[in-house]
């Protein structure tokens with residue numbers, strides 16, 4: 001199997017011990033490894049795929065903890081650099097009673113934003129690999145340029161590029177800056193995963209089909225629109241494939257979208273997908289791929305945190321067969 005490379009933030013989510021309270025009223029937290037790209041890498045590794053994380057951590061105990069957690073689920077960490085110039089990123093999460101959450105980030109900057117383009121090596125990538133990234137680390141920083149270089153190298157070697165905008169507006173000075181940055185990176189990707197809220201934010205178009213059409217730019221070959229418990233729709237070659245979600249008892253939605261993406265990308269790796277056969281693989285296997293991804297995301301919401309709540313393949317297959 002080829003390798004899933006995730007580039008971007010690896011941080012600690014501090015999850016409240018009490019649900020339904022504002023952050024200012026929470027009196028205790030539990031730490032959990034997080035960061036959307038890291039969650040995706042962990043998901044692929046948990047399911048038996050080969051996954052590698054590209055980022056930078058502070059030379060501090062939090063960085064040590066995160067490395068240990070990734071290695072425990074099988075993610076390769078030889079491309080995780082360390083820095084004494086900044087600390088490891090932290091995020092404090094406030095959970096509502098329905099499992100939805102708000103984030104407050106501590107990074108000004110955090111070590112991940114200091115990864116440079118000079119630290120990206122073209123030799124890492126091969127045909128059939130997948131490079132996945134999000135938008136949190138696309139703020140103006142050395143890490144943004146590291147993304148550009150990684151995408152350039154990976155694409156030139158025949159790797160598939162996957163992009164989940166994963167919008168976090170509090171990290172940006174202006175919503176317009178966030179929107180424009182995401183839209184500037186969109187044409188570099190082959191696969192785009194986007195939520196209904198993000199689709200509206202990025203396109204401002206009410207009609208879903210028209211909004212999706214706006215995002216088929218550059219190298220984009222497939223768009224997956226996630227709808228929470230409503231499942232996900234796959235758009236490819238002017239065709240639409242609909243899937244339904246799974247009903248579970250939700251505790252914490254943190255990492256659900258990442259587990260969905262990780263499940264989808266694991267399926268593509270398992271089917272030896274390349275730039276050339278991507279659309280064919282998705283069309284021929286859309287039911288299986290979307291069912292696996294939906295179940296992966298759904299089951300992750302039944303526990304606390306992202307990586308710590310990832311299911312195993314047996315649980316996923318049981319859920320799929322039961323509904």
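The values are calculated or read from the model by the stated rules, or taken from the named source; none is laboratory data. What you are looking at is a predicted structure, and each value in this text was computed from that prediction instead of being measured. All Cβ positions, glycine included, derive from the backbone under ideal geometry; neighbour counts span all protein chains shown.
Summary table below
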quantity: So residue 32, is it farther than 23 Å from residue 172 by Cα and within 17 Å of the chain's Cα centre (by Cα); calculated: yes
quantity: Criterion (within 26 Å of residue 318 (Cβ to Cβ), within 20 Å of the chain's Cα centre (by Cα) and part of a helix (DSSP H, G or I)) met by exactly one of 245, 257; calculated: 257
quantity: Filter result for the condition that a residue is part of a loop (DSSP other than H, G, I, E, B), more than 28 Å from residue 145 (Cβ to Cβ) and within 20 Å of the chain's Cα centre (by Cα), over 20, 48; calculated: 48
quantity: Within the range 91-131, tally of residues that are at pLDDT below 95 and in a strand (DSSP E or B); calculated: 11
quantity: Answer from 185, 201 - the residue that is assigned to a helix (DSSP H, G or I) and under 21 Å from residue 278 (Cβ atoms); calculated: 185
quantity: Pair list, Cβ under 6 Å, 6 or more apart: the range 170-185 residue surrounded by fewer than 14 Cβ atoms within 10 Å (Cβ to Cβ), other residue at pLDDT below 95; calculated: 175/169
quantity: Members of the range 200-239 found to be touching a strand residue (DSSP E or B) at 6+ places or on another chain (Cβ under 7 Å) and at positive phi, listed by number; calculated: 231
quantity: Close pairs (9 angstrom Cβ cut-off, 6 or more residues apart or separate chains): more than 16 Å from residue 62 (Cβ to Cβ) in the range 93-112, modelled with pLDDT under 65 anywhere; calculated: 94/101; 95/101
quantity: Counted residues, the range 307-316 - those being under 17 Å from residue 256 (Cα atoms) and surrounded by fewer than 14 Cβ atoms within 10 Å (Cβ to Cβ); calculated: 1
quantity: Residue in the range 64-75 that is in contact with a strand residue (DSSP E or B) (Cβ under 9 Å, 6 or more places away or on another chain), in a loop (DSSP other than H, G, I, E, B), crowded, with 22+ Cβ neighbours inside 10 Å and at pLDDT 95 or above present; calculated: yes
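Residue-wise test of (1) surrounded by fewer than 21 Cβ atoms within 10 Å (Cβ to Cβ); (2) touching a helix residue (DSSP H, G or I) at 6+ places or on another chain (Cβ under 9 Å); (3) modelled with pLDDT under 95; (4) over 20 Å from residue 39 (Cβ atoms).
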residue: 257; (1), (2), (3), (4): no, yes, yes, no
residue: 261; (1), (2), (3), (4): no, yes, no, no
residue: 273; (1), (2), (3), (4): no, yes, no, yes
residue: 292; (1), (2), (3), (4): no, yes, no, no
residue: 296; (1), (2), (3), (4): no, yes, no, no
